[in-house]
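S.K.: My questions all concern the structure below.
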Amino acid sequence: MAIELPALPYEMDALEPYISAQTLGFHHGKHHQAYVTNANNLTKDTPLENASVEELIIGSVNKADKVALFNNAAQVWNHTFYWNCMKPSGGGTPNGTIAKKIDEDFGGFDAFVQEFKTAATTQFGSGWAWLVLDGAKLKVIKTANADTPMAHGLKALLTVDVWEHAYYLDYQNRRPDYVDTFLKHLVNWDFVNSNL
Ligand code: MN
């Protein structure tokens with residue numbers, strides 16, 4: 001079966017006023033959909049046409065003849081993951097296991113916030129900032145374009161999309177404000193805990 005666009009885990013206007021229904025409408029309905037369509041077109045009538053998104057990503061990492069497939073499959077996965085990283089009335093300080101682990105590995109929540117904001121705002125051009133597990137240790141990383149932690153043997157726990165299409169309608173060029181708002185009002189820490 002071909003890859004399908006997953007439904008958003010909340011209503012289109014559920015993240016307002018922080019992310020508008022207009023942004024989510026374009027981002028999910030046009031951008032995410034285009035990655036799904038492109039990946040399906042690239043695998044149609046090939047042995048990969050029934051492969052999972054994860055199989056497509058892992059199977060195309062660092063393969064010169066599969067760059068387009070990697071980019072589109074990784075963007076399908078990254079966006080599905082990103083929607084789940086947010087919820088209405090989210091953000092702020094975490095609880096549960098992730099809270100304890102952030103304290104242990106970053107020396108406190110504020111230090112984590114600083115590191116995550118720096119990664120998100122210094123990613124030059126399009127990409128993503130991530131909280132990942134590297135072995136047993138938490139780490140903040142940034143990736144360019146479609147690149148994704150699983151391509152580097154890392155386990156994704158949290159991400160923010162810093163492609164301009166993620167924030168331009170609501171924040172124009174103010175990426176730092178978008179990232180700050182993401183951390184204060186949108187992060188779904190329950191989802192992050194469930195990834196641990
Ligand atoms: Mn995006």
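S.K.: Residue check, Ser89 against (1) closer than 23 Å to Ala7 by Cα; (2) surrounded by 13 or more Cβ atoms within 10 Å (Cβ to Cβ); (3) not assigned by TED's automatic domain parsing to the domain that holds Val67; (4) not aromatic (Phe, Trp, Tyr), all met but one. Which one?
M.R.: Single failed check for Ser89: (2).
S.K.: Failed condition for Lys30, given (1) within 15 Å of the ligand (Cβ to nearest atom); (2) more than 17 Å from Val160 (Cα to Cα); (3) surrounded by 13 or more Cβ atoms within 10 Å (Cβ to Cβ), with all others met?
M.R.: So Lys30 meets the others, but not (3).
Yes/no per residue for (1) under 24 Å from Val76 (Cβ atoms); (2) under 12 Å from the mean Cα position of the chain (by Cα); (3) modelled with pLDDT under 95; (4) not in a helix (DSSP H, G or I):
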position	(1), (2), (3), (4)
Pro94	no, no, no, yes
Thr97	no, no, no, no
Thr121	no, no, no, no
Trp128	yes, yes, no, yes
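S.K.: Same structure again: Which condition number does Glu11 fail, the rest of (1) under 15 Å from the mean Cα position of the chain (by Cα); (2) surrounded by fewer than 14 Cβ atoms within 10 Å (Cβ to Cβ) being met?
M.R.: (1)
S.K.: Does Leu186 satisfy the criteria of being in contact (Cβ under 8 Å) with a residue 40 or more places away in the chain, touching a Gly at 6+ places or on another chain (Cβ under 6 Å) and within 16 Å of the ligand (Cβ to nearest atom)? Working first, answer last.
M.R.: Details: in contact (Cβ under 8 Å) with a residue 40 or more places away in the chain: yes; touching a Gly at 6+ places or on another chain (Cβ under 6 Å): yes; within 16 Å of the ligand (Cβ to nearest atom): yes.
Spelling it out, Leu186 is indeed in contact (Cβ under 8 Å) with a residue 40 or more places away in the chain, touching a Gly at 6+ places or on another chain (Cβ under 6 Å) and within 16 Å of the ligand (Cβ to nearest atom).
Here's the yes/no breakdown for (1) more than 13 Å from the ligand (Cβ to nearest atom); (2) without any contact (Cβ under 8 Å) to a residue 40 or more places away in the chain; (3) touching a helix residue (DSSP H, G or I) at 6+ places or on another chain (Cβ under 8 Å):
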{"site": "Trp77", "(1), (2), (3)": "no, no, yes"}
{"site": "Trp83", "(1), (2), (3)": "no, no, yes"}
{"site": "Phe106", "(1), (2), (3)": "yes, yes, yes"}
{"site": "Asp110", "(1), (2), (3)": "yes, yes, no"}
{"site": "Thr122", "(1), (2), (3)": "yes, yes, no"}
{"site": "Asn145", "(1), (2), (3)": "no, no, yes"}
{"site": "Thr148", "(1), (2), (3)": "no, no, yes"}
{"site": "Ala151", "(1), (2), (3)": "yes, no, yes"}
{"site": "Tyr171", "(1), (2), (3)": "yes, yes, yes"}
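S.K.: Going through segment 1-15 one residue at a time, which ones are touching a helix residue (DSSP H, G or I) at 6+ places or on another chain (Cβ under 7 Å) and at pLDDT below 95?
M.R.: Once the filter is applied, which keeps residues that are touching a helix residue (DSSP H, G or I) at 6+ places or on another chain (Cβ under 7 Å) and at pLDDT below 95, segment 1-15 yields only Ala2.
S.K.: Name, by its number, the condition in (1) out of contact with any Lys or Arg (no Cβ under 6 Å at 6 or more places or on another chain); (2) buried (at least 21 other Cβ atoms within 10 Å of the Cβ); (3) not basic (Lys, Arg) that does not hold for Ala68.
M.R.: (2)
S.K.: Among residues belonging to segment 155-184 that are under 22 Å from Thr97 (Cβ atoms) and more than 13 Å from the chain's Cα centre (by Cα), point out the one that is surrounded by the most Cβ atoms within 10 Å (Cβ to Cβ).
M.R.: At the first step, the residues of segment 155-184 found to be under 22 Å from Thr97 (Cβ atoms) are 155-160, 182-184.
After this cut, where a residue has to be more than 13 Å from the chain's Cα centre (by Cα) as well, the list is 183-184.
Values: Leu183: 21, Lys184: 13.
This residue is Leu183.
S.K.: Looking at segment 33-42, can you tell me whether even one residue there is of a type in the set (Gly, Ala, Ser) and either surrounded by fewer than 14 Cβ atoms within 10 Å (Cβ to Cβ) or within 16 Å of the ligand (Cβ to nearest atom) (or both)? Show your work before the answer.
M.R.: Within segment 33-42, the subset of a type in the set (Gly, Ala, Ser) is 34, 39.
Cutting the leftovers down to either surrounded by fewer than 14 Cβ atoms within 10 Å (Cβ to Cβ) or within 16 Å of the ligand (Cβ to nearest atom) (or both) gives us 34, 39.
The answer is yes, given that some residue of segment 33-42 is of a type in the set (Gly, Ala, Ser) and either surrounded by fewer than 14 Cβ atoms within 10 Å (Cβ to Cβ) or within 16 Å of the ligand (Cβ to nearest atom) (or both).
S.K.: Which one is surrounded by the most Cβ atoms within 10 Å (Cβ to Cβ) among residues in segment 132-150 that are of a type in the set (D, E, K, R) and in a strand (DSSP E or B)?
M.R.: Here is the first cut: in segment 132-150, the residues of a type in the set (D, E, K, R) are 134, 137, 139, 142, 147.
Imposing the further condition that a residue be in a strand (DSSP E or B) reduces the set to 134, 137, 139, 142.
Working: Asp134: 14, Lys137: 10, Lys139: 17, Lys142: 20.
Checked segment 132-150; the qualifying residue surrounded by the most Cβ atoms within 10 Å (Cβ to Cβ) is Lys142.
The values are calculated or read from the model by the stated rules, or taken from the named source; none is laboratory data. From a predicted model like this one, the values you see are computed outputs, not experimental measurements. Because the Cβ atoms are built from the backbone with ideal geometry, glycine has one as well, and the counts that use them run over all protein chains shown.
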